[in-house]
Amino acid sequence: MPKPSQQVQPAESPWHLLGAAIRHWREDVHGLSLRATAKRIYSDAADLSRVERGQVRPQPGTVQRLDEALNAKGHLKALFDAASDLDRLRTLEGNSSLTEENATERRRVLQLATSLALGAVGGAEPIRQVFDRDGGRSAEEWEISCTDHLHALRTLPPAQVVADLVVDLVALRQQMQSATPAVLVELQRTTAALSAIHANALTRMSDHGAAIRWWRTAKQAADASGDRSMSLLVRSEEAGHGLYDQRSPEAVLSLIHSAQHLAGSPSVDLMTTEAKALSLLGRHGQALCVIGQAIAQAGSYKGDSLGFWSPDQLRFAASWVYSAAGEENQASEPGTTVLASTRDYVYRANIMLHRALSTVVNGGATEGAQRAATVIADVPPAYRSGHILATGRMVLRAVPLSQHDQARVGELRELLTPA
């Protein structure tokens, strides 16, 4: 029996998960040393050790030989394919030209990521045993993971966020399978938070069907946890992100009213979304009234412990609503404050698009369209999220039809049209 190797943390990345699985089959199932296993697959023991520790990515042929030598019945090959696809998901949107072929490939990889997160690959018994060795995380550690993913959502390309989230979703699912009832309640709360972040990231990738399914998962987990504040938070997030071409403004208002009924009274975050939805419907007087009420109540609003909500969201909503109504002066202060305080690249781009929208509304259609086109063109393709593109389409819709043949308007339309 070989001496046990130093433990690998399988939740660190898909490649660490693969390495931990290889080590499980080698040590736990067959009791083989690194040297003996390397000899079986015509490899070097030091190279195999690096693979197991997640330090290098093995060649497909190496994994195939390992799968056969360790009689893993395709599990190692499946994990290798999943890890490779998730890596491709990280970089797919970085292409300068997002062709229909690339978009189709992205959807295929997202389906793989979703199935992996639900345990189609990670649910196999050998992988379950790998996670049992990890011991799971405490509630505090999971809360830190949630805040880390929220930070990533605001600073990294959405494709990378999705790929990284999948690893934690797999780890969380495995921990839930053996959790005590008391611990399971807290893990349901974590599931709700991570699922909401995942749905947010999918919305940023414009994969709206998958996002809606993850919003449903988040709501179910939040309700199962018994945490009413989490149930309200998830519903508020679902409504807010629904405004970015995921749902009609009328459907979003219905979600808001349902959440307000659950809450018992309107909350600041729900009112900000309501004001934006009314703005999209052209009901600017009502939108201005609601955003004014939200601002008046903001001083007593505490938000949530994970950091989903921040005062910047209220300022962002004010920038949106005032700009859409053509109130440039009132939109300027909240917009400038957000630009000075936030690291969220979506907020920064969209504040500039709000200003372009206000220019269009006030009669400067070609100037506003040019400003919007410049903002979007300056965003690297991998960061050009669905939230930014949806706001660009708000600007385009505000341009009178009689001016759609203008060259600058055409530039904006071209940037917003999939290749």
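Within segment 374-411, being over 18 Å from TRP320 (Cα atoms) and within 26 Å of the chain's Cα centre (by Cα) holds for THR374, ALA377, ASP378, VAL379, PRO380, PRO381, ALA382, TYR383, ARG384.
In segment 124-149, the residue that is modelled with the highest pLDDT out of those that are touching a helix residue (DSSP H, G or I) at 6+ places or on another chain (Cβ under 8 Å) and polar (S, T, N, Q) is SER145.
Within segment 359-388, the only residue that satisfies the criterion of being acidic (Asp, Glu) and under 12 Å from LEU415 (Cα atoms) is ASP378. Please enumerate the residues belonging to segment 369-408 that are under 21 Å from ASP245 (Cα atoms) and of a type in the set (Gly, Ala, Ser). ALA369, ALA372, ALA373, ALA377, ALA382, SER385, GLY386, ALA390, GLY392, ALA398, listed by residue number.
Quick check: anything in segment 350-358 surrounded by fewer than 17 Cβ atoms within 10 Å (Cβ to Cβ), in contact (Cβ under 8 Å) with a residue 40 or more places away in the chain, within 27 Å of HIS151 (Cα to Cα) and of a type outside the set (Gly, Ala, Ser)? No: segment 350-358 contains no residue that is surrounded by fewer than 17 Cβ atoms within 10 Å (Cβ to Cβ), in contact (Cβ under 8 Å) with a residue 40 or more places away in the chain, within 27 Å of HIS151 (Cα to Cα) and of a type outside the set (Gly, Ala, Ser). Evaluate segment 91-110: report whether one residue or more is in a loop (DSSP other than H, G, I, E, B), open to solvent by 50 Å² or more (accessible area, probe 1.4 Å) and either among the aromatic types (Phe, Trp, Tyr) or at pLDDT 55 or above (or both). Within segment 91-110, none of the residues are in a loop (DSSP other than H, G, I, E, B), open to solvent by 50 Å² or more (accessible area, probe 1.4 Å) and either among the aromatic types (Phe, Trp, Tyr) or at pLDDT 55 or above (or both).
With respect to the conditions (1) assigned to a helix (DSSP H, G or I); (2) closer than 30 Å to GLY282 by Cβ; (3) over 14 Å from the mean Cα position of the chain (by Cα), ALA196 falls short on a single one, namely (3). Looking only at residues of segment 298-310 that are closer than 23 Å to SER279 by Cβ and under 25 Å from the mean Cα position of the chain (by Cα), we find that the one that is surrounded by the most Cβ atoms within 10 Å (Cβ to Cβ) is PHE308.
Across segment 149-168, the number of residues qualifying as open to solvent by 10 Å² or more (accessible area, probe 1.4 Å) and either within 17 Å of ALA382 (Cα to Cα) or within 12 Å of the chain's Cα centre (by Cα) (or both) comes to 9. If you take the residues in segment 327-349 that are within 22 Å of ILE376 (Cβ to Cβ) and polar (S, T, N, Q), which one is surrounded by the most Cβ atoms within 10 Å (Cβ to Cβ)? Among those residues, the one meeting the criterion is THR342. When segment 409-419 is limited to residues that are more than 19 Å from ASP245 (Cβ to Cβ) and of a type outside the set (A, V, I, L, M, F, W, C), the one that is most open to solvent (accessible area, probe 1.4 Å) turns out to be GLU411.
When residues in segment 31-43 are screened for being at pLDDT below 90 and open to solvent by 70 Å² or more (accessible area, probe 1.4 Å), 0 of them pass.
Just one of the listed residues (ASP47, ASP28, ASP81, ASP85) is modelled with pLDDT of 90 or more and either surrounded by fewer than 23 Cβ atoms within 10 Å (Cβ to Cβ) or assigned to a loop (DSSP other than H, G, I, E, B) (or both), namely ASP47.
Quick grid of which residues meet (1) of a type in the set (Val, Ile, Thr); (2) farther than 24 Å from VAL167 by Cβ; (3) touching a strand residue (DSSP E or B) at 6+ places or on another chain (Cβ under 7 Å):
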residue: ASP44; (1), (2), (3): no, yes, no
residue: SER49; (1), (2), (3): no, no, no
residue: PRO58; (1), (2), (3): no, no, no
residue: THR62; (1), (2), (3): yes, no, no
residue: LEU66; (1), (2), (3): no, no, no
residue: HIS75; (1), (2), (3): no, no, no
residue: ALA78; (1), (2), (3): no, no, no
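If you go through segment 268-297 and pick out every residue that is small (Gly, Ala, Ser), crowded, with 18+ Cβ neighbours inside 10 Å and more than 19 Å from VAL346 (Cβ to Cβ), you end up with 2. The C-beta contact set for segment 137-166 (first residue within 19 Å of ASP85 (Cα to Cα), second residue open to solvent by 50 Å² or more (accessible area, probe 1.4 Å) and of a type outside the set (Ser, Thr, Tyr), distance under 6 angstrom, 6+ apart or interchain) comprises ALA159/ARG90; GLN160/ARG90; ALA163/ARG90. For segment 176-197, which positions are under 24 Å from PHE308 (Cα atoms) and either at pLDDT below 95 or among the aliphatic types (A, V, I, L, M) (or both)? Of everything in segment 176-197, those that are under 24 Å from PHE308 (Cα atoms) and either at pLDDT below 95 or among the aliphatic types (A, V, I, L, M) (or both) turn out to be MET176, VAL183, LEU184, VAL185, GLU186, LEU187, ALA192, ALA193, LEU194, ALA196, ILE197.
The values are calculated or read from the model by the stated rules, or taken from the named source; none is laboratory data. Source: prediction; values computed, not measured. Note: ideal-geometry Cβ built from the backbone for every residue, glycine included; neighbour counts use all protein chains shown. For the accessible areas, the whole protein counts, side chains as well, though only heavy atoms, and no ligand, DNA or RNA atoms are used. Shrake-Rupley method; radii C 1.70, N 1.55, O 1.52, S 1.80 Å.
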